[in-house]
Amino acid sequence: MSRSLSPLMFVALLACTGPQGDQGPAGAAGASVLATATAEPAGDNCADGGTRVEYGVDANGDGTLAADEVGGAYFVCDGADGSDGSDAAGVIVTSVRIYAAEYGCQQGYTETVIGVDDGAGGGTAGDGALQEGEVDTTLNTCLPEDVDMDGVLNLDDNCVETANDAQLDFDGDAEGLACDADEQVPEAYAFSRGSSSIESSLYQLDLETGAATLVGSTGHAIIGMKFNPVDGLLYAFTRGDGGDVGGCSSCLLTLDTSTGAATEVVSVTHDGSEGAESAFASMAFLSDGSLYAWSEWDDVLVSVDTTTGVATALGDGENSWGHGMCATASDELLWINGDGVTWLIDPADGAMAELGQIPDFTRADGWDSDGDNGVRGDCVPDSLVYVGTDVTYGGTPTSLVYTRLHTDASPELVTTRIAPDENLHGVAFVR
Ligand SMILES: [Ca+2]
Ligand SMILES: [Ca+2]
Ligand SMILES: [Ca+2]
Ligand SMILES: [Ca+2]
């Protein structure tokens, strides 16, 4: 079979859902390209007859190509040698979604390739695939701006075809948890608020859903908590200044992750602060097991000797009280202050480099009466993902938030609320 081609064949269609910024109509993802093939009698188009192929965008999504949807046509003509090629078996239509801003499509397009598997242009006839010389026309049709309708535009979406409005990505590879086959949700624990009369409870936390399962009471008023990657134990600080219901002021504890029960390690004193005690709510262990904390009463980073309980100031200190601290994969300290501004701190000398402001950070003005407010978050081990509790005061519930920190030249912070919880006051990931 040989063929001749109509001049119509090189028509290309662009059918966008709308200008940039418009929301595509729901269900528009079904606007696919269709092609139909019908027998063409001998005549002007094909001297010996052949096949007429029409193609176009199925604008109304009914699965058939209506006359007013036909965007172009071409003919596959039978050869003059009398061989019978008058069927459409050789016509191949393939479509692939391409997520790039091209062809006037701001959020990606469907590329549809149509041709005949006839060996034209050096291709291989009858192999079920179109080689370059067999391609007769290519159509590019714009995709809906948000194909999975999760509220995140295609080019910003870390699972573009899976609805995942939270955009969770705990391993930091830019492929979201919802579509990343090798991503694990970190194991995590959380504690509830305590005071001089209220014991903090330990919870096991599901970071994917925000659900918290009670483990047990700690018997103390906990203000900070982290796992030590060297011994694998969960450590916690109690409140200072007589504020611990368990009577161990500014103490470092270990917590049993099966029962919540606490074991006292050492009482921590900081000679730079008034009255030697302080509040060490923001704490983090480096990979070698060394412990750092933010001393709230004099606003300075300290290193903590877990044997003697002596806290030693690093750097000059600045800022306000902390909202959380964690160690990054490169053993820097990520610290978030009371205004939701994030910093990377060099633990060698306390030098601070500002990353940026967490958007929509919720904070009430001033300190609460207990001096125990704040977001006490943790980093996912292999990337700069911070998960903490977002606290407002005056009885307003807290919620678990997820923040991705981009540390390139233009830091971008993305905050997503995972789930509300009325009692969480800080989180720690198993190391
Ligand atoms: Ca072929
Ligand atoms: Ca989306
Ligand atoms: Ca998605
Ligand atoms: Ca991932």
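The values are calculated or read from the model by the stated rules, or taken from the named source; none is laboratory data. Nothing here was measured: the structure is a model prediction, and the numbers come from that model. With ligands, DNA and RNA removed, areas are computed over all heavy atoms of the protein, side chains included. Shrake-Rupley method; radii C 1.70, N 1.55, O 1.52, S 1.80 Å.
Structural remarks
- The phi-based Karplus calculation (6.51 cos²θ - 1.76 cosθ + 1.60; θ = phi - 60°) puts the 3J(HN,Hα) values of the stretch 212-220 at 10, 10, 5, 9, x, 7, 8, x, 9 Hz, whole numbers, x for Gly and Pro.
- Global geometry of the stretch 211-267, whether rounded, prolate or oblate, following the gyration tensor of its Cα atoms and the 1.5 cut on a/c: oblate
- Within the accessible area of the stretch 198-252 (1.4 Å probe), percent carbon and sulfur: 47
- Computed 3J(HN,Hα) for the stretch 59-75, one whole-Hz value per residue from the Karplus formula 6.51 cos²θ - 1.76 cosθ + 1.60 where θ = phi - 60°, is 4, 8, x, 8, x, 10, 9, 6, 4, 7, 9, 5, x, x, 8, 8, 10, glycine and proline marked x.
- For A221, residues with placed amide H under 5 Å, excluding near neighbours: S200, R239, V245, G246
- Under 5 Å, built H, 5+ apart or other chain: amide partners of D48: G43, D78
- Under the Karplus curve 6.51 cos²θ - 1.76 cosθ + 1.60, θ = phi - 60°, whole-Hz ³J(HN,Hα) for the stretch 424-430, x wherever Gly or Pro sits: 5, 10, x, 10, 9, 8, 4
- Amide H within-cut-off set for V147, under 5 Å, with H built and near neighbours excluded: N154
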